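> Dropping the structure in here first, questions after.
Quick note: the coordinates plus some simple rules give every number you see, no bench work behind them. Just so it is clear, the structure is predicted and the values come from calculations on it, not from any experiment. Every residue, glycine among them, receives a Cβ derived from its backbone with ideal geometry; neighbour counts consider all protein chains shown.
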Amino acid sequence: MDLSGESGLQRVVTPSVLKRFGGYRKIYILAGTITEKSCEWRAETKHKIIYVRYFSRTLSVGIDETDIGAQMNPMVIGGYQYGFGEPQIPSTSQIIDFMHWKINSDQIIEFFDF
């Protein structure tokens with residue numbers, strides 16, 4: 001799966017694995033912390049907490065009922081495909097599309113540290 005056709009970020013798991021790790025869900029709140037080299041998003045569903053992290057050209061996700069559990073059990077679900085030039089940090093909207101989340105725009109908080 002290519003986000004917006006130009007980012008080079010590709011999924012490396014099947015849709016069923018992505019669903020098990022938090023994809024295709026309704027999100028109640030999404031908080032993203034984006035820096036120059038990495039970024040992390042914390043999403044809350046009705047019963048679970050999902051952490052998505054992009055670092056060193058790799059996208060990983062952890063899901064659990066607690067913050068600690070979600071942070072400590074990540075699985076690689078995607079990464080940057082070489083040949084697309086210099087890798088770019090994915091935006092929050094690209095992560096929402098990648099994970100197939102349903103969320104209202106007023107439920108998204110982003111923090112930037114450049």
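> Summing -39500 (n - 2.57) over the DSSP H runs of n ≥ 4 in the chain and dividing by its residue number, what mean residue ellipticity at 222 nm do you reach, to the nearest 500 deg cm²/dmol? The partial results should precede the final answer.
Values: 3 runs with 20 residues, N = 114.
Mean residue ellipticity, 222 nm, calculated: -4500 deg cm²/dmol.
> List the lysines whose Cα lies under 20 Å from the Cα of LYS102, skipping any in the same chain that are fewer than 8 positions away.
Leaving aside lysines fewer than 8 places away in the same chain, those within reach of LYS102 are LYS19, LYS26, LYS46, LYS48.
> Here is a further query. In terms of modelled amide H atoms, which long-range or inter-chain residues lie less than 5 Å from the amide H of GLY8?
LEU3
> Once the dipole of segment 14-114 is set up with Lys and Arg at +1 and Asp and Glu at -1 on Cβ about the Cα centre, which of SER91, TYR24, SER60 lies farthest towards its positive end?
TYR24
> Could you work out how far apart the two model spin labels at TYR24 and ILE109 are, taking each label as a point 7 Å from the Cα in the direction of the beta carbon, and quote it in nm?
Result for the modelled spin labels: 3.0 nm.
> Per residue of segment 102-108, in order, report the coupling 6.51 cos²θ - 1.76 cosθ + 1.60 (Karplus, θ = phi - 60°) as ³J(HN,Hα) in whole Hz, putting x for Gly and Pro.
10, 7, 7, 5, 7, 9, 10
> Note down the Stokes-Einstein diffusion coefficient of the chain in µm²/s, whole number, using a Kirkwood radius over alpha carbon pairs, 37 °C, and 0.692 mPa s.
234 µm²/s
> Grab the Cα-Cα distance for VAL17 and SER56, subtract it from 0.36 nm times how many residues apart they are, and report the gain in nm with one decimal.
11.8 nm
> Along the Cα→Cβ direction, 7 angstrom out, place labels at SER93 and GLN71. What is the inter-label distance in nm?
Label at SER93, label at GLN71, 3.0 nm between them.
> Quick check on the exposure proxy: order TYR80, TYR54, TYR28 from fewest to most C-beta atoms within 10 angstrom.
So the residues, fewest neighbours to most, are TYR28, TYR80, TYR54.
> Provide the per-residue ³J(HN,Hα) series for segment 73-78, in order, calculated from phi with Karplus coefficients 6.51, -1.76, 1.60 and θ = phi - 60°, each as a whole number of Hz, with x at glycine and proline positions.
10, x, 10, 6, 10, x
> Calculate the dipole size of the chain relative to its Cα centre from +1 charges on Lys and Arg beta carbons and -1 charges on Asp and Glu beta carbons; express the result in debye to the nearest 20.
Values: 12 positive and 13 negative charges, 105 e Å.
Around 500 debye, computed over the chain.
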